[in-house]
Amino acid sequence: MRAASILIKPASANCNINCEYCFYKCLSSNREQYSLGFMKEETLEQLIKQAFAYVEAHVTFAFQGGEPTLAGLSFFRRVLELQQKYNTKGIHVENTIQTNGLLMDREWAEFLAKHQILVGLSLDGPRELHDRYRKDVQGNPTYDRVMETVALFEEYGVAYNILSVVTAHTCAHAKELYQFYREQHFPFVQLIPCMNEKQRQGKAGAQANAYAVEPEQYGHFLCEFFDLWYGDFMRSLKPSGEQKYGVMDVRMFSNLAQMAAGYPAEECGMSGCCTCYFVVEGDGSVYPCDFYCMDEWKLGTIADSFEDLLVSEKAKQFVAVSQPKHKKCAKCAHFSLCRGGCRRWRETEAGEEPALNQLCVAYKIFFAHTKGRILELGKLIRRRYGAYQR
């Protein structure tokens, strides 16, 4: 039965934070139009109508940006009204939102909690790590304002996850970052490496990314972070283990454990090749991936049916381009877990041989240090939940 995950950018690339490393700001700067505008109500209604006409089992509406809360709370109230209007088949609906947290107040928190909307909150760690690159458009630090949002979420019972960008500077502070998460009792954390964006070589010419991690340093960062996390996890399994808050779920590590158990990767970038999901920009244009909201990969608009967009030649081409792997991958002892990495980090020019993942060195360091323990985690999953059933 058909399900769908639809990523929506109601405020396009517009944002109230000027993060120096922002990939979407970089990507949008190389489109014909930087911002594709704030989503109009008629566009939103057509999008939701098309979504429920397409799906048969489950649909996730994930709101990102830019900063999606710039669309206003009234926009999201209308989202729920339209979902109720067009969900005539009793489809299971999940709503999520990724935010920098600056506009959150009690009204927002009450709304998110009441409607069980899962929030991804961007926070790069303790004050010094977070404020280094995450400043608002006036150049002011944002750490205190984000932590005020954390307090609001805790008070109102909002379900939230933490998303952190790992920069070259962060790599030297793995223990500090982990201890901060642990002291805050964050239940779920996602680590995103800051990389040299291919789009930085667009209209303005090649630009160096001073924030990007070097593969070797990122590999050692992951090793240290994993050691700390794994130690806590194993202690939690003992009868006397700390159970009050549990052990944080680190998305990358959870995915690897699932893969070691024979389950599919939950994170698309870890599956080895692309699928075509739907990203809807502010003007209703549709793209196959958040990292490819570029003019050349526009699939169509929400005036087209999702079924037609999925089988379009451009969508097929997008998936096909991601499938070839570098010849070294076939001989790599870690390929079953790495799978070549996200296409975003192994781009080539047309006609060239498939490239190695930019993070290949990092993953070789990481897997050489952790693979045995990851395989043991896989065995634990199989013992508890059984083999994966397709």
Checklist outcome for this item: Using alpha-carbon coordinates alone, the radius of gyration and Dmax of region 281-390 in Å work out to 18.3, 50
Checklist entry - So what's the gap between the Cα centers of region 64-93 and region 41-58, to the nearest angstrom? => result 10
Checklist entry - Can you list, bin by bin at 10 Å, the percent of alpha carbon pairs in region 74-167, starting at 0? => result 15, 42, 28, 12, 3
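Given the pairs 298/331; 49/298; 25/364; 40/85; 298/328, which are separated by over 24 angstrom at their Cα positions? Please report the intermediate quantities before stating the final value.
On the way: 298/331 35 Å; 49/298 20 Å; 25/364 31 Å; 40/85 18 Å; 298/328 32 Å.
Listed pairs above 24 Å: 298/331; 25/364; 298/328.
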Next on the checklist: Quick check for you: with a 1.4 Å probe and neighbouring chains kept, what is the accessible area per residue of region 1-141, in Å²?
Outcome noted: 44
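Ignoring ligands, DNA and RNA, how do 291, 225 rank by accessible area with a 1.4 Å probe, largest first?
Details: 291 55, 225 0 Å².
Greatest to least solvent exposure: 291, 225.
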Checklist outcome for this item: Projected onto their principal axes, the Cα atoms of region 231-346 stretch, largest extent first, over whole-Å spans of 58, 39, 21
Checklist outcome for this item: The ratio Rg/Rh over the Cα atoms of region 1-108, Rh being the Kirkwood inverse mean 1/r radius, stands at 0.99
Checklist outcome for this item: Counting only residues 5 or more apart in sequence or on a different chain, those whose built amide H sits under 5 Å from that of residue 278 are 5, 7
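So with the 1.4 Å probe, I'd like the accessible area per residue for region 248-390, rounded to whole Å². Each step should come with its number before you reach the end.
On the way: 7080 Å² over 143 residues.
Heavy-atom SASA per residue in region 248-390 reads 50 Å².
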Checklist entry - Based on the Cα atoms of region 249-317, what semi-axes does the equivalent ellipsoid have, where each is the square root of 5 times one gyration tensor eigenvalue, given in whole Å with the largest first? => result 29, 13, 10
Item to check | Distance cut-off 37 Å, percentage of C-alpha pairs in the chain lying past it | outcome: 20
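May I ask you to derive the FRET efficiency for residue 353 and residue 266 from their Cβ-Cβ distance with R0 = 35 Å, giving the value to the nearest 0.05? Intermediate values should be presented prior to the final figure.
On the way: r = 30 Å, r/R0 = 0.86.
The pair residue 353/residue 266 has a calculated efficiency of 0.70.
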Checklist outcome for this item: Among the DSSP H helices of the chain, those whose Cα atoms extend at least 18 Å along the helix axis and whose mean Kyte-Doolittle hydropathy is -1.0 or higher are 41-54, 73-86, 143-156, 215-237, 360-385
Checklist entry - So how do 115, 334 rank on accessible area, 1.4 Å probe, biggest first, that is with the largest at the start? => result 115, 334
Checklist entry - Share of region 1-147's accessible area from carbon and sulfur, percent, 1.4 Å? => result 46
Checklist entry - 222 nm [θ] for the chain, helices only, -39500 (n - 2.57) per DSSP H run of 4+, per residue, to 500? => result -12000 deg cm²/dmol
Checklist entry - Once both labels are modelled 7 Å past Cα along the beta-carbon direction, what's the residue 389-residue 216 spacing in nm? => result 4.9
Item to check | Mean separation of Cα contacts under 8 Å, 6 or more apart, over the residue count of the chain: relative contact order % | outcome: 18
Checklist entry - Protein chains only, probe 1.4 Å: how do 94, 32 rank by accessible area, largest first? => result 32, 94
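The values are calculated or read from the model by the stated rules, or taken from the named source; none is laboratory data. Worth saying up front: this structure is predicted, and the values here are computed from it rather than measured. Glycine gets a Cβ as well: all are built from the backbone with ideal geometry, and neighbour counts include every protein chain shown. Quick note on the areas: whole protein, heavy atoms, side chains included, nothing else; ligands and nucleic acids left out. Shrake-Rupley method; radii C 1.70, N 1.55, O 1.52, S 1.80 Å.
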